[in-house]
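Notes follow once the structure below has been shown.
The values are calculated or read from the model by the stated rules, or taken from the named source; none is laboratory data. Computed from a predicted structure; not experimentally measured. Reconstructed Cβ throughout: ideal geometry from the backbone, glycine too, with neighbour counts over all protein chains shown.
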Amino acid sequence: MDHKAPKFKESPSQTAGPYVHIGCTPNFSGIGKVWAEDLGARMKTGPVQGTEIEIRGIVYDGTGTPLRDAMVEIWQADAAGLFPSPGETRGDADPNFTGWGRAASHMDTGEFYFDTVKPGRVPFHDGRLQAPHISVWIVARGINVGLQTRIYFDDEEDANAEDPVLSALEHKVRLPTLIAKSQGKNSYRFNIRLQGEGETIFFDV
Amino acid sequence: MTKSPNPPGYMVRDRARHPKALTPSYKTSVVRSPERAMIAFPTSIGENTGPVFGHEMIGPNDNDLVINWAEPGQMALGPRIIVRGRVLDEHGNGVAGALLEFWQANAGGRYRHKKESYLAPLDPNFGGYGRTITDENGGYEFRTVQPGPYPWPNGMNDWRPAHIHFSLFGHAFAQRLITQMYFDGDPMIWQCPIVDTIDSKEAINSLVATLDMSQALPMDARVYTFDLVLRGQRQTFFENRWEGL
Ligand SMILES: [Fe+3]
């Protein structure tokens with residue numbers, strides 16, 4: 001076994017800044033001219049398997065003010081728990097589902113929105129099954145390194161109870177910050193609080 | 001379950017080389033920085049995988065900011081440069097098929113954005129964004145104009161050094177990264193509260209592109225070289241095994 005430090009070090013992060021939308025969602029920004037559609041705008045390229053859901057949320061700063069300049073990305077398994085990625089070796093994922101979405105916060109309300117499917121369960125590194133969840137990455141002006149969190153679902157109580165990440169949390173009082181709340185049929189709300197009362201759990205993963 | 005391959009996980013991010021969340025001289029970070037410790041756990045398949053972007057989605061001018069937003073026959077204003085380099089992982093291997101997105105101010109330091117507060121002139125032939133995908137060796141390049149420095153609302157006299165923003169997608173969601181490229185020799189690098197969020201001078205220097213006149217295109221563009229490094233996979237024979245193995 002070799003215990004050398006890596007030869008190369010990961011490039012240091014810098015804030016996405018206030019103008020991340022110029023580069024990542026130019027059509028959303030009203031300056032689309034180079035490509036027809038923003039990347040990550042559509043997670044479904046045809047009829048998809050499983051339950052179609054929508055997720056809405058707002059990212060709040062430490063004063064309770066919505067961020068109107070955030071960009072949120074999600075990555076998730078399909079309804080069968082398979083990832084549409086070459087790294088997926090367990091089977092073929094739904095060909096009409098990209099698994100990856102990118103949303104800009106609304107410039108007035110700060111709300112972000114994803115039209116996706118309820119993910120299936122996927123194994124943890126040690127083989128234990130995780131509860132259905134979505135990986136989330138948040139960048140904005142004032143965020144120096146993109147923040148990682150997860151969306152779990154409030155209608156998956158049994159799976160959540162045995163999830164290896166959730167069940168390892170020491171401060172269970174913070175666990176609800178990771179749970180999206182049902183808002184009627186197939187619609188969920190997942191707000192993110194960057195700081196202070198109810199601060200969302202962020203992961204170093 | 002038998003013989004299910006478990007893709008290797010990613011090395012832990014060296015947080016000491018990244019900025020801290022709370023960096024008061026960059027004022028916006030004060031209310032946007034989490035205060036609680038992050039929760040760590042090893043990557044698994046959801047972090048070890050990521051979306052794939054094919055070369056077919058890249059248009060012919062996506063990596064040419066000099067013309068990709070210009071009226072037919074027109075070009076963006078400013079000193080033309082080519083930015084060229086490789087995307088590597090922490091083992092030094094080129095990352096093939098990585099998606100790079102970039103955006104920047106125009107040669108006068110002005111962004112094409114509704115909320116831009118620096119009223120330098122817009123260039124009608126410059127949008128300020130592009131993208132490309134790395135080749136089989138992790139190589140990439142794009143043509144643009146050198147962005148201008150610009151003042152920004154932080155301290156009364158804070159100016160950003162000339163810079164280009166980069167968004168990177170490697171093979172795994174765990175590798176997702178946004179950063180910025182600076183230009184060798186720019187004295188404003190060392191006066192910038194955003195650059196200063198990084199503690200290590202060596203780490204800052206890794207974000208500074210170097211001028212390579214030997215590669216310059218005669219009567220056209222100078223060349224800046226800029227390599228980027230994404231997280232690498234752990235290498236071990238003792239990867240965690242699936243239950244039952
Ligand atoms: Fe900038």
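Overview of values
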read-out: Filter pass, B:Ala162 being modelled with pLDDT of 95 or more, farther than 28 Å from B:Asn48 by Cα, in contact with an Asp or Glu (Cβ under 7 Å, 6 or more places away or on another chain) and buried (at least 20 other Cβ atoms within 10 Å of the Cβ); value: yes
read-out: Filter result for the condition that a residue is within 30 Å of A:Asp94 (Cβ to Cβ) and within 16 Å of the ligand (Cβ to nearest atom), over A:Gly23, A:Gly32; value: A:Gly23
read-out: Among residues of segment B:187-207, those that are more than 9 Å from every other protein chain (Cβ to nearest Cβ) and assigned to a loop (DSSP other than H, G, I, E, B), counted; value: 3
read-out: Extreme residue, farthest from B:Pro79 (Cα to Cα), among residues of segment B:154-173 that are within 12 Å of chain A (Cβ to nearest Cβ) and within 13 Å of the ligand (Cβ to nearest atom); value: B:Asn154
read-out: Residue check, B:Gly244 surrounded by fewer than 18 Cβ atoms within 10 Å (Cβ to Cβ), at pLDDT 95 or above and on the phi > 0 side of the Ramachandran plot; value: no
read-out: Criterion violated by A:Asp61 - all others in (1) under 23 Å from B:Arg36 (Cβ atoms); (2) in contact with a strand residue (DSSP E or B) (Cβ under 6 Å, 6 or more places away or on another chain) satisfied; value: (2)
read-out: Residue within segment B:3-20 that is hydroxyl-bearing (Ser, Thr, Tyr), under 20 Å from the mean Cα position of the chain (by Cα) and at the interface with another protein chain (Cβ under 7 Å from one of its Cβ atoms) present; value: no
read-out: Close pairs from segment A:12-34: first facing another protein chain (nearest Cβ under 7 Å) and in contact (Cβ under 8 Å) with a residue 12 or more places away in the chain, partner near the ligand (Cβ under 9 Å from one of its atoms) and part of a loop (DSSP other than H, G, I, E, B), Cβ under 7 Å, at least 6 apart; value: A:Gln14/B:Ile194; A:Thr15/B:Ile194
read-out: Complete set of residues in segment A:64-83 that are more than 29 Å from A:Asn144 (Cβ to Cβ), in contact with a strand residue (DSSP E or B) (Cβ under 8 Å, 6 or more places away or on another chain) and buried (at least 23 other Cβ atoms within 10 Å of the Cβ); value: A:Asp78
read-out: Search result, residues across segment B:165-186 that are crowded, with 23+ Cβ neighbours inside 10 Å, in contact with a Leu (Cβ under 7 Å, 6 or more places away or on another chain) and part of a loop (DSSP other than H, G, I, E, B); value: B:Gly170
read-out: Filter result (charged (D, E, K, R) and in contact with a Gly (Cβ under 8 Å, 6 or more places away or on another chain)) within segment A:116-150; value: A:Lys118, A:Arg121, A:Arg141
read-out: Options A:Glu10, A:Glu52; residue that is more than 16 Å from the ligand (Cβ to nearest atom), surrounded by fewer than 23 Cβ atoms within 10 Å (Cβ to Cβ) and acidic (Asp, Glu); value: A:Glu52
read-out: In segment B:177-188, the residues that are over 20 Å from B:Val229 (Cα atoms) and within 13 Å of the ligand (Cβ to nearest atom); value: B:Met188
read-out: Members of segment B:137-153 found to be of a type in the set (Phe, Trp, Tyr) and away from the ligand (no atom under 16 Å from the Cβ), listed by number; value: B:Tyr140, B:Phe142
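For (1) within 16 Å of the ligand (Cβ to nearest atom); (2) out of contact with any Lys or Arg (no Cβ under 7 Å at 6 or more places or on another chain), each residue gets a yes or a no:
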residue: B:Leu65; (1), (2): yes, no
residue: B:Pro79; (1), (2): no, yes
residue: B:Arg84; (1), (2): no, yes
residue: B:Glu90; (1), (2): no, no
residue: B:Trp103; (1), (2): yes, yes
residue: B:Asn106; (1), (2): yes, yes
residue: B:Lys115; (1), (2): yes, yes
residue: B:Ile133; (1), (2): no, yes
